[in-house]
Amino acid sequence: MKFGVVVFPGSNCDDDMIHVLGTVMGQEVVKLWHKDTELAGFDTSDCIVLPGGFSYGDYLRSGALARFSPIMNAVIDFARSGGYVWGICNGFQVLCEAHLLPGALLRNDNQKFICKNVYLRTATRQSALTAKLDPEQALKIPIAHAEGRYYADERTLQQLQANEQILFQYCTAEGVISAEANPNGASLNIAGICNEGRNVFGMMPHPERASEAVLGNTDGRLLFESLLATVGQEVPS
Amino acid sequence: MKFIAEIDVMPHKELLDPQGKTVANNMKNLHLAGIEDVRIGKHIKMTLDAASEAEATEKVETACKKLLANVIMETYSFSVKQA
């Protein structure tokens, strides 16, 4: 599995992601410029990452302009052919704008930019990203966003539940999914979802900021380990 | 021919608009009575070239649907007139 991290103007978590994938997890990873029109050298066993940040300054709507960057046609084709695509924070917003994931991310209900550690429960193990995670464990992973309130209409939310497309839900440190544990007003406490094909993942929390002991938190690393182990890639100890 | 489109994009009625709510809550500081609700959206003014008003309308409709509004969370309306 090879990784490509797309850099949009205004992305700012691209280097963190490349550091974790390359240096910490020992994987082959390349930067992809948003003006590229194809994903040369990638096949559907690989993973394209849309990193966090403020693509196009969040102008108009978060992710709306990046969705029409030249590389996105190739990313959409890649996802539709079954390749892995993983969007984090602004990357999640871009994937929703591109309709690779259902729903949208609205302004946080408290109208604030929230940057803090939150806790997540794994809602399903039916995805490469979550297959090796413990559904009972509350993972501590930071969020940093102003537009992270996941919203979809009732019918879509029911489909997400029926198809087990909800990957992560905000919970308390004890693992209780409650209104108090919901930092932004997201429907059903949703922090991350996947598409019906289970190859496109989107999440607001930043696992790449919680993957090294020196940073005081390694819960995020479990997601990288799950993805790699599930696709049969060697996981460094 | 040049046309000017005036486009309004608003959050769906049933969705919480925290920005509008915060502004509404602060109206009391202006000592204005009777303000019941505030909803905040965007107004977009676009100048475009088209052969006819119908063509201009079609272009604006496409721009709204594809980019200017996200119909999952917003509604849009617009008017087109010759510049």
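The values are calculated or read from the model by the stated rules, or taken from the named source; none is laboratory data. Since the structure is predicted, the reported quantities are computational estimates derived from the model, not experimental observations. Reconstructed Cβ throughout: ideal geometry from the backbone, glycine too, with neighbour counts over all protein chains shown. Note: areas computed on protein heavy atoms with side chains; ligands, DNA, RNA excluded. Shrake-Rupley method; radii C 1.70, N 1.55, O 1.52, S 1.80 Å.
Assorted remarks:
- Put simply, the C-alpha atoms of the protein assembly as shown give a gyration tensor, and the ellipsoid matching it has half-axes of 35, 26, 16 Å, longest first.
- Accessible surface computed residue by residue for chain B, with neighbouring protein chains in place and a 1.4 Å probe, gives 64 Å² per residue.
- Percent of beta bridges antiparallel (DSSP, chain A, rounded to nearest 5): 60
- Interface residues, region A:99-124 - accessible area loss of 50 Å² or more versus chain alone, probe 1.4 Å: A:Gln111
- Just so you know, the averaged projected area of the alpha carbon convex hull for chain B sits at 6.6 nm².
- Extension gain for B:Gln19 to B:Glu55 (0.36 nm times residue separation, less C-alpha to C-alpha distance): 9.4 nm.
- Area of B:His43 that stays accessible when all protein chains are in place (1.4 Å probe, Å², to 10): 110
- Solvent-accessible area buried by A and B, counting both chains, probe 1.4 angstrom, square angstrom: 1400
- Compared with the rule-of-thumb size 2.2 N^0.38 Å for a compact globular protein, region A:118-237 has a Cα radius of gyration ratio of 1.02.
- Taking every residue in B:68-74 and counting other chain Cβ atoms within 10 Å of its Cβ, the average works out to 6.
- Potential extension, A:Glu180-A:Ile114 segment - 0.36 nm per residue separation minus Cα distance: 22.3 nm
- Area of A:Phe113 that stays accessible when all protein chains are in place (1.4 Å probe, Å², to 10): 110
- GNM top mover of A:Arg155, A:Arg107, A:Arg61 - chain A, alpha-carbon springs below 10 Å: A:Arg155
- With a Förster radius of 41 Å applied to the beta-carbon distance between A:Ala131 and A:Ala40, the computed FRET efficiency rounds to 0.90.
- Peptide B:6-19 - average C-beta neighbours from other chains (10 Å radius): 2
- Flagged links, alpha-carbon separation over 29 Å, of A:Lys2/A:Lys35; B:Lys21/B:Lys81; A:Lys31/B:Lys45; B:Lys21/B:Lys45: B:Lys21/B:Lys81; A:Lys31/B:Lys45
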